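Encoded as structure tokens, the structure appears first; notes follow it.
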Amino acid sequence: MFINNHDGLELSTAMLINAAERRGIEVEILDLEDNFIRLKKGDKIEYIKQATRTSADTYIAPLIMENKEVTKLVLREKGINVPAGIKVKSAAEAMAHYEEFRGKDIVVKPKSANFGIGIVIHKNLQCENCYRTAVINAFSHDTSVLIEEFVPGKEYRFLVIGDKVVGILHRVPANVVGDGVHTIEALVTEKNQDPLRGKGYVTPLEKIHLGKTEIAFLSEQTKSIETIPENGETVFLRENSNISTGGDSLDFTDEIIYDYKAIAVAAAQAVGARICGADIIIRDIQKKPDATNYSIIELNFNPALHIHNYPFVGKNRHVDDKVLDLLGF
């Protein structure tokens, strides 16, 4: 069971504080709203923001990871698979490429963004207006937009701390399971009653929203929030699987072979990161990686810790302790 006994702090920061106090480390909250803390033990002092921004990483590493175009370039140079795609600087430029992408599976996303913000996925793109809407949405979050091939497979978050993968999650997009009686809207309301779900990263999971993105995705499935799913039917509300948009987290740390863990570590090292969340699409986790069965779609410079300690399904990986180990406490 999770406990966040630090009101106002994100769960990852609260976890780190609890782990530090168990080790006899003095903790001072410097800025509650910014989740900025100071750890002190003897003569050793460390400043930490949002649980994973620490002195272990250089200033440039997060800047590389924040820029998805630069990240792809660096990883591609290291022989690591990344999606093919283009960068555009205006909606007009994006529309000029519409015919190039029509009929394909694509992802439209801001060049620099986290938590799935501004990302739209289109399968077998046929709707020019839908494409335009996705592009305009992405531009509302950044001045440049990436249009990439959609890589099939399941998405896994690899948490790299130091030179090791300390946790792996398969993140399932926001969803509800029908009972043959209640509407999708009612099922979402019911699922959101789970105490694991909250708002603002103070709980292991985030509440599911029924906004424009979810309603549009339901429409693509010829469903609405008033649809009553059949008993046992799983209805997905989004294409992207971010925990921040209501997804579920399943621990896969022990199920995925070493080869993919080595790729995650190599990716982190390529951008100079000591703490990194690598999002990898894998077709078959039991088959060894090659040029066709995996792709890194994103590196995260501020990966959430709490999702690995409190997965929807799976065991606590105590990754907060791994951060303290890295910092030498």
**Asked** In the list Val145, Val165, which residue meets the criterion of being under 28 Å from Met15 (Cβ atoms), surrounded by 15 or more Cβ atoms within 10 Å (Cβ to Cβ) and among the β-branched types (Val, Ile, Thr)?
**Response** Val165
**Prompt:** What about Ala138, is it among the small types (Gly, Ala, Ser), out of contact with any Asp or Glu (no Cβ under 8 Å at 6 or more places or on another chain) and crowded, with 16+ Cβ neighbours inside 10 Å?
**Reply:** yes
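Okay, residues lined up against (1) touching a Phe, Trp or Tyr at 6+ places or on another chain (Cβ under 6 Å); (2) open to solvent by 40 Å² or more (accessible area, probe 1.4 Å); (3) among the β-branched types (Val, Ile, Thr):
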| site | (1), (2), (3) |
| --- | --- |
| His170 | yes, no, no |
| Val177 | no, yes, yes |
| Ala186 | no, no, no |
| Gln193 | no, yes, no |
| Leu205 | no, no, no |
| Ser219 | no, yes, no |
| Thr222 | no, yes, yes |
| Ser244 | yes, no, no |
| Asp251 | no, no, no |
**Request:** Starting from the stretch 245-265, take each residue that is farther than 17 Å from Val177 by Cα and list its partners that are of a type in the set (Ser, Thr, Tyr), counting only C-beta distances under 7 angstrom and pairs at least six apart or across chains.
**Result:** Phe252/Tyr156; Ile256/Tyr156; Tyr260/Tyr294
**Message:** Can you pull out every residue in the stretch 8-32 that is in a strand (DSSP E or B) and either out of contact with any helix residue (DSSP H, G or I) (no Cβ under 9 Å at 6 or more places or on another chain) or open to solvent by 70 Å² or more (accessible area, probe 1.4 Å) (or both)?
**Reply:** Glu26, Glu28, Ile29, Leu30, Asp31
**Request:** Confirm whether Ile48 is touching a Pro at 6+ places or on another chain (Cβ under 9 Å) and either of a type in the set (D, E, K, R) or under 29 Å from Gly247 (Cβ atoms) (or both).
**Result:** no
**Asked** Is it the case that Glu46 is among the acidic types (Asp, Glu), within 26 Å of Val313 (Cβ to Cβ) and in contact (Cβ under 8 Å) with a residue 24 or more places away in the chain?
**Response** no
**Asked** Tell me, which strands (runs of 3 or more DSSP E) lie completely within the stretch 148-225 with 2 or more residues that are within 17 Å of the chain's Cα centre (by Cα) and at pLDDT 95 or above?
**Response** 154-161, 164-172
**Message:** Being farther than 24 Å from Leu205 by Cβ and at pLDDT below 95 is the requirement here; does Ala91 meet it?
**Reply:** yes
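The values are calculated or read from the model by the stated rules, or taken from the named source; none is laboratory data. Note that the coordinates shown come from a computational prediction; the quantities given were computed from them, not determined experimentally. Here Cβ is always computed from backbone atoms with ideal geometry, including for glycine, and neighbour counts include all displayed protein chains. For accessibility, only protein heavy atoms count, side chains too; no ligands or nucleic acids. Shrake-Rupley method; radii C 1.70, N 1.55, O 1.52, S 1.80 Å.
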